[in-house]
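Comments concern the structure below.
The values are calculated or read from the model by the stated rules, or taken from the named source; none is laboratory data. Nothing here was measured: the structure is a model prediction, and the numbers come from that model. Neighbour counts are summed over all protein chains in view; Cβ atoms, including those assigned to glycine, are modelled from backbone coordinates with ideal geometry.
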Amino acid sequence: MSNNKPNTEDPGYDYSTQQEIPDGKIVDYITGNWVKESEVEQVRQNFERTLVEEYNYTVSEIRVDFKIKVWEGDKQKVKKAPLVVVKESTEDPYVLILIANPKSNPTDKSGGTTELEQWMVDISSAEFGCWTNGIETLFFQKKKSKFETDVFPSNDFPRKGEDASSVYTTDRRRLRVATGNNLLYAFKRCHDYIHANQGGSKEQIFWEFLKLLFAKIEDETYGGRPRFAIRSPEERNDPDGRKEVKDRVETLFKEVKNRPEFKGLFDSQAEGILFNDETVSYIVAQLEKYDFIHSSVDVKGVAYETIVGPTLEGTKGEFFTPRNVVKMTVKMLNPNPGDRICDPACGTGGFLVIAFNYISEKLRQKHKKNWKDSNKPTETEEKKLFDDIHDAGTNIFGIDFNSNLVKAAQMNMIMNNDGRGGIFSVNSLKEPTQWPKEVQEKIQLGSMDFVMANPPFGAKIKIDSSEVLEQYDLAHGWSKTEDGRWQMEANLRNAMEPEVLFVERCIRLLKPGTGKCGIVLPDSILSNPGYASIRYWIMQNCQILASVDLPVETFLPRTGTQTSVLILRRKNDQEKLMESMSGQMAPYEIFMANVKKVGKDRRGNIVYKKDEKGREIVDRSLYKPFADSTVLDFLPVVETTGRIVDDELPIVAESFLKTKK
């Protein structure tokens, strides 16, 4: 047998400087060779990264297109196994991995699990097998007796240094941080399985799935022997075993419901978990291995939004703010632990989650300086860190009128290690004295260090309640004076666009003098003559620290509204008085950026960086710094192949902070 073992002494191309990519080629993560780009190859590249980053196998233990001898009838043939993990210091296959086309099914005669099982029987050293089409992943284990060889479904295959017993989660050391799209695909597998085997409305399925996510977080948070787990083959495959799994998950969910911070969250849902034993067992098998608490905000966020989006995304201007826009805004505002942060139109919590992770990472870096091992804290050290993170979380607040979105936002925050319940279902445009008492106690006008928001906008959704409108300067009529200034009139407009009212609400929430706001607004507010009075009001009440003009691709394909991000600081009364007395505003610099590239085209397809000749740039040396980066760094996305997503927003954020220094 031969193999495609990487030659570390002769790396071939210098990919850190190589710019010209052969047509239709990408760089293989393991070998460093050019390979033909295809859907199957993308699946393989993701799995190669998984073997290294999740399973901890070294590149020297992984083979690509490994030649194996298998039997077909009475003839032995040579075939290529797409990926193989070999036993240390040998060429003997330990794990055989069959990579299939995303459109393939495990039951296919050729390239399905039956073929993989035959490989495992024919290759005596192979103990585990894995079949994946990138979305569905199935595992197999082999046991040999004196007279026969048995291949049966398994939960996983061992990570480097583990033995065969480790494939069932009986120890928390088994949990691993999710990388790439693996958690996303696990969520999709669960979603597809539920629709195929359980049934129910989209919304009902979502909330039942949410119950299991809460149970998973509960299990990770409060320690002890893992309960959100498959502990044996019987629990995965036998009716009695599946019932035991569901019983444990039911117990976890009851503990969730009894916690004060989750009071009322599931009141409108069925009492227990409605999924049957088989469905619960399947979902647990897909999710048990992942360490939700320590996985990155991006990995969890992308997976979660994939499930939330189709279920809850509304038609009233509610849509996800692209993650790169959120990260840019948060980095430009640069909040610190202890700062009070609010999003009065929080949706599913995108701004809150990134802001929370931003300050959490600042705390982590502070704590790391005192750890015995800077790479891994002791249990006591991590508890101190999490205590500080939870304290910081008590200063983060969100409001949204849609109660379902609020529940989704609460889960989003909980998945990111916060469970303090600072998110409320309230109409944030109403008079604050009409908010529930618990909201009034936590959120007051003039009390926030930072406000971040992407309010719903659109001419079709106007606010016409006079009770709401009378609170706002911007809901009144305005007229121009002889000296070219604007003055507010006594008359109230009949209706106003919500984004206009949100501008004023966001600014009123800020602490005078120091409070800063990052807000996504349609360009019409910043340029249309009819909105001149609004711009005047903003400048009278705020310093405009930055204006970032976003391209039309930013929110496409959902909406083609042209938008900008404004970074504002609220003036205090003394500043406004001084300017009023002098008749002119104090001079200051405004950072302005006109962004052309946000990493995708109008259809939502990824766009990569190219050189001046139009060739995609490949720089594999950038992948590891990107993979090791945190939300504080906000680096451009680099794929394992070395391709760089063409996104200017990280550069904008970095440039803004440099000008402030």
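Yes or no, residue by residue, for (1) closer than 30 Å to TYR623 by Cβ; (2) among the hydroxyl-bearing types (Ser, Thr, Tyr); (3) at pLDDT below 85; (4) outside any loop (DSSP other than H, G, I, E, B):
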{"position": "GLY180", "(1), (2), (3), (4)": "yes, no, yes, no"}
{"position": "LEU183", "(1), (2), (3), (4)": "yes, no, no, yes"}
{"position": "LEU210", "(1), (2), (3), (4)": "no, no, no, yes"}
{"position": "ALA215", "(1), (2), (3), (4)": "no, no, no, yes"}
{"position": "ALA229", "(1), (2), (3), (4)": "no, no, no, no"}
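Can you find, within the stretch 346-360, the residue that is farthest from the chain's Cα centre (by Cα) among those that are in a helix (DSSP H, G or I) and among the hydroxyl-bearing types (Ser, Thr, Tyr)? Working first, answer last.
Step one: of the stretch 346-360, the residues in a helix (DSSP H, G or I) are 350-360.
Narrowing the set further to residues that are among the hydroxyl-bearing types (Ser, Thr, Tyr) leaves 358, 360.
On the way: TYR358: 13, SER360: 16 Å.
Of everything passing the filter in the stretch 346-360, SER360 is farthest from the chain's Cα centre (by Cα).
Scanning the stretch 602-648 for residues that are surrounded by fewer than 13 Cβ atoms within 10 Å (Cβ to Cβ), without any contact (Cβ under 8 Å) to a residue 24 or more places away in the chain and under 28 Å from THR559 (Cβ atoms) yields a count of 1.
Entry remark, the stretch 112-136: residues being hydroxyl-bearing (Ser, Thr, Tyr) and crowded, with 20+ Cβ neighbours inside 10 Å number 2 in total.
Return the residues of the stretch 104-125 that are of a type in the set (D, E, K, R) and touching a residue at least 40 places away in the same chain (Cβ under 8 Å); say none if nothing qualifies.
Correct list: ASP122 only.
Just name the residue that is surrounded by the fewest Cβ atoms within 10 Å (Cβ to Cβ) out of those in the stretch 526-583 that are in a loop (DSSP other than H, G, I, E, B) and among the hydroxyl-bearing types (Ser, Thr, Tyr). Show your work before the answer.
Going residue by residue through the stretch 526-583, those that are in a loop (DSSP other than H, G, I, E, B) are 528, 550-551, 555-562, 571-572, 583.
Restricting the remaining residues to those that are among the hydroxyl-bearing types (Ser, Thr, Tyr) gives 559, 561.
Details: THR559: 15, THR561: 18.
Only one residue fits best here, namely THR559.
Give just the number: which of (1) modelled with pLDDT of 90 or more; (2) over 26 Å from the mean Cα position of the chain (by Cα) does ARG225 not satisfy? The one condition ARG225 does not meet is (1).
Which members of the stretch 361-379 meet the condition of being assigned to a helix (DSSP H, G or I) and exposed (fewer than 13 other Cβ atoms within 10 Å of the Cβ)? Residues satisfying the conditions are GLN365, LYS366, GLU379.
For the stretch 572-617, the candidate set comprises residues that are within 26 Å of TRP537 (Cα to Cα) and among the acidic types (Asp, Glu); within that set, the residue that is farthest from the chain's Cα centre (by Cα) is GLU579. Considering (1) farther than 20 Å from ASP298 by Cα; (2) crowded, with 21+ Cβ neighbours inside 10 Å, the lone condition that GLU382 does not fulfil carries the number (2). Reported count of residues in the stretch 557-571, each being at pLDDT 85 or above and either aliphatic (A, V, I, L, M) or under 23 Å from the mean Cα position of the chain (by Cα) (or both), is 6. Within the stretch 178-195, identify whether any single residue is within 24 Å of VAL52 (Cα to Cα) and free of Cβ contacts under 8 Å to residues at least 60 places away in the same chain, and answer yes or no. Scanning the stretch 178-195, I find at least one residue that is within 24 Å of VAL52 (Cα to Cα) and free of Cβ contacts under 8 Å to residues at least 60 places away in the same chain, so the answer is yes. Looking only at the stretch 36-45, residues that are surrounded by fewer than 20 Cβ atoms within 10 Å (Cβ to Cβ), among the polar types (S, T, N, Q) and in a helix (DSSP H, G or I) come to 1 in all. Being of a type in the set (Gly, Ala, Ser) and without any contact (Cβ under 8 Å) to a residue 12 or more places away in the chain is the requirement here; does SER533 meet it? Against the criterion (of a type in the set (Gly, Ala, Ser) and without any contact (Cβ under 8 Å) to a residue 12 or more places away in the chain), SER533 does not qualify.
Can you tell me which residue is farthest from the chain's Cα centre (by Cα) among those in the stretch 288-299 that are of a type outside the set (Lys, Arg) and buried (at least 20 other Cβ atoms within 10 Å of the Cβ)? It comes out as GLU288.
Taking the stretch 431-455 on its own, how many of its residues are touching a residue at least 24 places away in the same chain (Cβ under 8 Å), surrounded by fewer than 24 Cβ atoms within 10 Å (Cβ to Cβ) and either part of a helix (DSSP H, G or I) or hydrophobic (A, V, I, L, M, F, W, C) (or both)? Looking only at that region, the number is 4.
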